[in-house]
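Notes for the one structure printed next.
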Amino acid sequence: MKADKNFYMQPVIELAGLGVRFGSRDILKDLRVSLSGRTIGLLGPNGAGKSTLIQSLLGFVPLTSGSASIFGHDIRTQQKQIRTVVGYMPENDSFIANMTAVSFIRMMGELSGLPKDSALERAHEVLFYVGLGEARYRPLGTYSLGMKQLAKLAQAIVHGPKLVILDEPTNGLDPPARIRMIKLISEMRAVTNMHIVLCSHLLRDVEETCEEVLILKAGRIVHYANLEEERRANKRFVELETRGNDTGFADALSRLGCETSTAGYGRFKMVCPVGFELREIYRLAAERDLQLRRLNYRRDTLEDIFLKAMEN
Amino acid sequence: MAVYKRTYKGYDGGLTPQWSRFMILPRYSYARLFQSKFLLMFLAVCAIYPIGAAGFIYIAHNVSFLKAINPQAGTLLDVNEKFFVYFCNFQSVMAYLLTAIVGPSLVSPDVTNNAMPLFLCRPFTRSEYVLGRMMVVLYLLAWITWIPGLILFGIQADMAGWDWTKTHLWIGWGVFAGLFVWTVVLSLIALAISAWVRWKIAAGGAILAVFFVGAGLGAVTNAVMRTHNGSLIDIAQMMATAWGQLLRYDTGNGITSTQAWMVLGIVSAICLWLLSRRVRAFEVVK
């Protein structure tokens, strides 16, 4: 599907000093950010305010301060417009046990504004798409946990929303089901112009699917990262342990663009520039008849970013 | 299912008008409710009295048939406000029982299964949700209360002629307004109880208890305190008083129609408040 260029330029979610309070407790405090990625990850430890942020964006929770908008629609005053273009997959079990999957998804489609016939057709389509085609006439109450998660995903996308908010979509799934769910999310992102907000405390899920990450801690934004840019800009950290005469080795590495520091006893730490080939290190070592006893290299993972954010 | 349809695609078709969406909930509820043979049988039983009453009106206007049975019968059978009061009383009891059957399954499955966020994350408000669920009971009750009541009034008007109709239009209005208010009050009580009592059997019992307990306590209060004010907690008495005003007869329970309407208004307001506390997308756990 060809996407409208302006569609991607427009901020998906804008938070302007958003604050939420329950009783005397501040749950969200002065959140300010503009998110425009295709897939946005909401990360944070339990109780950080991720679900509350989602609920406030959907208008379930009244704001105590600030404002926010989704696709330019104010969440205080234009809830109906927002809810027309948003799909929501809640964290907890949410369904009507004695309804069959197809009639439940159809009803949800109709409530989103789809005409009866279109809702029925799309209910079948999305159930096949998420992998529940064969079980679509079974009552939802008889579904396993993994199937219920898929049914929740189906109801979130039945009306073809522009933005889907997924709250802990891999909760309680076994590894194959988790892989299937992540694959579905990635596919949705690839084949449509849909934006996805993925709320999770599982870093791997977010890392595999998201471009932008917002990390919350105790109701505040502690870090915002554009993972795509970070991946591009990310330098490689290399640790070396050598044996032999290493005179001039650090200088030679620096001439190749590496930031190098020596730690004594033949040990070096270096930050390699973008496009740096590790074989250059082997070449330099061979030229100096230097033995390489150990070479470790790694990228800054989302886990590093998350842990740094938590420390801050 | 065609293979090409197994790939997800967006939706760019038309949307239904916003105002009509509350009608979706009753449609799905009826699909489930009418699978019950017991409900179908009960609805058939509810039609017996109106059919009998229609026959009564026919006989009352068929003088030759009446005289053949009994020469005095013509004076005994008179279709007046009392006839419609009996109709209202009987059908209101049936409506009450029907509410106890249908009511418990209205909101409780959605609350129990945490389905509220799924309804309310769509362009569908809490008011529309309540209205939609209320329509499930209102439709059913209408078919056994004020619709047959107005049909009977129409039959009587047709047989008695324009003069009778002109002078007795207030009966038609009384039947409609009285029974409509009764169905609204019953629907609200059923919704509120269904929202708070998750177990269906208990919810059905609670709907019955609201009336029996109120009537019992009211009677005890009246007897002990030697007053009429105990009847103020008896919703059925309040409704009877309201009908008394609309159909111009004296219930003799000592309650004024103003008091009755106020109590009915307060009961409805309490039900709406209870619903507003429960029909929410999420619950704050304290």
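What are the ³J(HN,Hα) couplings of segment A:269-284, residue after residue, when phi is run through the Karplus curve with 6.51, -1.76, 1.60 and θ = phi - 60°? Round to Hz, x for glycine and proline.
Values per residue, Gly and Pro as x: 10, 9, 10, 8, x, 4, x, 5, 9, 5, 4, 4, 5, 4, 4, 4 Hz.
First obtain the Kirkwood hydrodynamic radius of chain A from its Cα pairs, then insert it into the Stokes-Einstein equation at 10 °C and 1.306 mPa s, and state the resulting D in µm² per second as a whole number.
Numbers: Rh = 22.0 Å.
Diffusion coefficient, whole number: 72 µm²/s.
Search the structure for amide H atoms under 5 Å from the amide H of A:Met99, placed 1.01 Å from N in the peptide plane, and list their residues when 5 or more places away or on another chain.
Those qualifying (amide H under 5 Å, at least 5 residues apart or on another chain) are A:Leu140, A:Gly141.
Return the sequence-ordered ³J(HN,Hα) values of segment A:247-256 in whole Hz as given by the Karplus equation 6.51 cos²θ - 1.76 cosθ + 1.60 applied to θ = phi - 60°, using x for Gly and Pro.
4, x, 5, 5, 5, 4, 5, 4, 5, 7
Rule-of-thumb check for segment A:235-307: C-alpha Rg over 2.2 N^0.38 Å?
Numbers: Rg = 12.5 Å, N = 73, 2.2 N^0.38 = 11.2 Å.
Here the Cα radius of gyration is 1.11 times the empirical estimate.
Where does segment B:83-151 land on Rg(C-alpha)/(2.2 N^0.38 Å)?
Values: Rg = 15.5 Å, N = 69, 2.2 N^0.38 = 11.0 Å.
Rg over 2.2 N^0.38 Å, computed on Cα atoms: 1.41.
Rounded to the nearest 0.05, what FRET efficiency do A:Leu278 and A:Ile179 give with R0 = 41 Å and r taken as the Cβ-Cβ distance? Could you check?
On the way: r = 30 Å, r/R0 = 0.74.
The calculated FRET efficiency here is 0.85.
Output the relative contact order of segment B:178-270, whole-number percent, from Cα pairs under 8 angstrom with separation of 6+ residues.
Working: 89 pairs, mean separation 22.8, N = 93.
Once normalised by length, the contact order is 24 percent.
Taking the alpha-carbon centroid of each part, what is the distance from segment B:131-168 to segment B:181-228 in angstrom?
One Cα centre to the other: 26 Å.
Take the Cα pairs of the protein assembly as shown, get the Kirkwood Rh, then feed it into Stokes-Einstein at 10 °C and 1.306 mPa s and tell me D in µm²/s.
On the way: Rh = 29.0 Å.
Taking Rh from Cα pairs, D becomes 55 µm²/s.
So for segment B:23-174, what percent of the C-alpha to C-alpha distances run longer than 23 Å? Working shown, then result.
Details: 5861 of 11476 pairs.
Tail of the P(r) past 23 Å holds 51 percent of the pairs.
Pairs of lysines 8 or more apart, or on different chains, with alpha carbons under 22 Å: count those in segment A:5-231, would you?
The result is 16.
Show the residues, 5+ positions off or on another chain, whose built amide H is closer than 5 Å to the amide H of A:Ile196.
Excluding prolines and chain starts, which carry no amide H, the hits are A:Thr39, A:Ile40, A:Val164.
Please identify the longest segment of chain B free of exposed chymotrypsin sites (Phe, Trp or Tyr not before Pro), where exposed means a DSSP state other than H, G, I, E or B and no more than 12 other Cβ atoms within 10 Å. Don't skip to the answer; put the middle values down first.
Working: sites that count: B:Phe34, B:Trp199.
It runs B:35-198.
Mind putting together the pair-distance distribution for segment A:25-164? All Cα pairs, 5 Å bins, whole percent per bin, short to long.
So the P(r) values, bin by bin, are 2, 10, 17, 19, 17, 14, 11, 7, 2, 0.
Return the FRET efficiency for the residue pair A:Asn46, B:Arg248: r is the Cβ-Cβ distance, R0 is 45 Å, and the value is rounded to the nearest 0.05. List each step's numbers first, then the result.
Numbers: r = 66 Å, r/R0 = 1.47.
Efficiency for this residue pair is about 0.10.
Would you calculate, for the protein assembly as shown, the mean residue ellipticity at 222 nm contributed by helices, counting each DSSP H stretch of 4 or more residues as -39,500 (n - 2.57) and dividing by all residues, to the nearest 500?
So the calculated ellipticity at 222 nm is -16500 deg cm²/dmol.
Among A:Leu256, B:Leu25, which comes first, then next, by fewest other beta-carbon atoms within 10 Å? Numbers along the way, then the final one.
Details: A:Leu256 16, B:Leu25 25.
Ascending number of Cβ neighbours within 10 Å: A:Leu256, B:Leu25.
In chain B, how many lysine pairs have Cα atoms under 27 Å apart, counting only pairs 8 or more places apart or on different chains?
The result is 4.
Rg and Dmax of chain B, using alpha carbons, in Å: what are they?
Using the Cα atoms of chain B, the pair Rg, Dmax is 22.7, 80 Å.
Please list, in order along segment A:141-151, the HN-Hα scalar couplings obtained from phi with the Karplus expression 6.51 cos²θ - 1.76 cosθ + 1.60 (θ = phi - 60°), rounded to whole Hz, x for Gly and Pro.
Computed from phi, the couplings for segment A:141-151 are x, 8, 6, 6, 4, x, 5, 5, 4, 5, 5 Hz.
Which aspartates and glutamates have a Cα lying under 19 Å from the Cα of A:Lys269, excluding residues fewer than 8 positions away in the same chain?
Within reach: A:Glu239, A:Glu241, A:Asp246, A:Asp251, A:Glu259, A:Glu277, A:Glu280, A:Asp300, A:Asp304.
Quick one: length gained pulling A:Gln81 to A:Glu311 fully straight, 0.36 nm per residue minus the C-alpha distance?
Details: separation 230, 0.36 × 230 = 82.80 nm, distance 3.90 nm.
Full-extension gain reported as 78.9 nm.
Take the Cβ-Cβ distance between A:Asn245 and B:Arg198 as r, set R0 to 56 Å, and report the resulting FRET efficiency rounded to the nearest 0.05. Before the final figure, lay out the partial values.
Working: r = 79 Å, r/R0 = 1.42.
After rounding to 0.05, the efficiency reads 0.10.
Once amide H atoms are built 1.01 Å from N in the peptide plane, which residues 5 or more positions from B:Ala115, or in another chain, come under 5 Å H to H?
Hits under the 5 Å cutoff: A:Phe95.
Quick check: Cα centre of segment A:248-270 to Cα centre of segment A:137-204, how many Å?
Rounded to whole Å, the Cα centres lie 47 Å apart.
Every read-out reported here was derived from the displayed coordinates using simple, explicitly stated rules and does not represent laboratory data. Computed from a predicted model, the values in this text were never measured in an experiment. Neighbour counts run over all protein chains shown; Cβ positions are idealised from the backbone, glycine included.
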